[in-house]
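> Before I ask anything, here is the structure I am working with.
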Amino acid sequence: MREEFEAWYADSVGLDALDIATWRIGEGYQNAYEHCAISWLAWQASRAMEMIELPTISISEYANRNGFNCADQALGGARKSITKVGLRVKP
């Protein structure tokens, strides 16, 4: 998620993303680059507000002939991929 932010920020202010990465301090950015630090906080907050709702699927609807629920496996993979990019999934 951080690399995606840095690429976006670099593009929006006309800098190189590698330069912005050097401004990192822990989970934030150097105070000298306050606009970047504030933008990072806003970016994180916007991602935290996003919540994806996955469909609910009955086992019998998508179970294969061996009784394995392919839908549960697919939804589990989708949930993992969504959270990996910093978004949340509704419980």
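> May I ask you to list pairs of residues, at least six apart or on different chains, whose Cβ atoms are under 6 Å apart, with the first in region 3-25 being closer than 18 Å to A42 by Cβ and the second being charged (D, E, K, R) and part of a helix (DSSP H, G or I)?
A17/E6; I20/E6
> Please count how many residues of region 1-16 are buried (at least 16 other Cβ atoms within 10 Å of the Cβ) and closer than 16 Å to V85 by Cα.
Qualifying residue count for the region: 2.
> Just a yes or no: is a residue in region 3-10 at pLDDT below 80 and within 19 Å of the chain's Cα centre (by Cα)? I'd like the intermediate steps shown before the answer.
Residues of region 3-10 that are at pLDDT below 80, as a first pass: none.
No - not one qualifying residue is present in region 3-10.
> Are any residues in region 17-33 at pLDDT 80 or above and loosely packed, with under 12 Cβ neighbours inside 10 Å, and if so, which ones?
So the first thing to find is which residues in region 17-33 are at pLDDT 80 or above, and the list is 17-29.
Once the filter is applied, which keeps residues that are at pLDDT 80 or above and loosely packed, with under 12 Cβ neighbours inside 10 Å, region 17-33 yields L18, D19, T22, I25, G26, E27.
> Next up: Can you tell me which condition S39 does not meet? The list is (1) under 30 Å from R24 (Cβ atoms); (2) at pLDDT below 75; (3) polar (S, T, N, Q), and all the others hold.
That leaves (2) as the condition not met.
The values are calculated or read from the model by the stated rules, or taken from the named source; none is laboratory data. Since we're looking at a predicted model, the values are computed, not measured. Note that we place each Cβ from the backbone using ideal geometry, even for glycine, and neighbour counts take in every protein chain shown.
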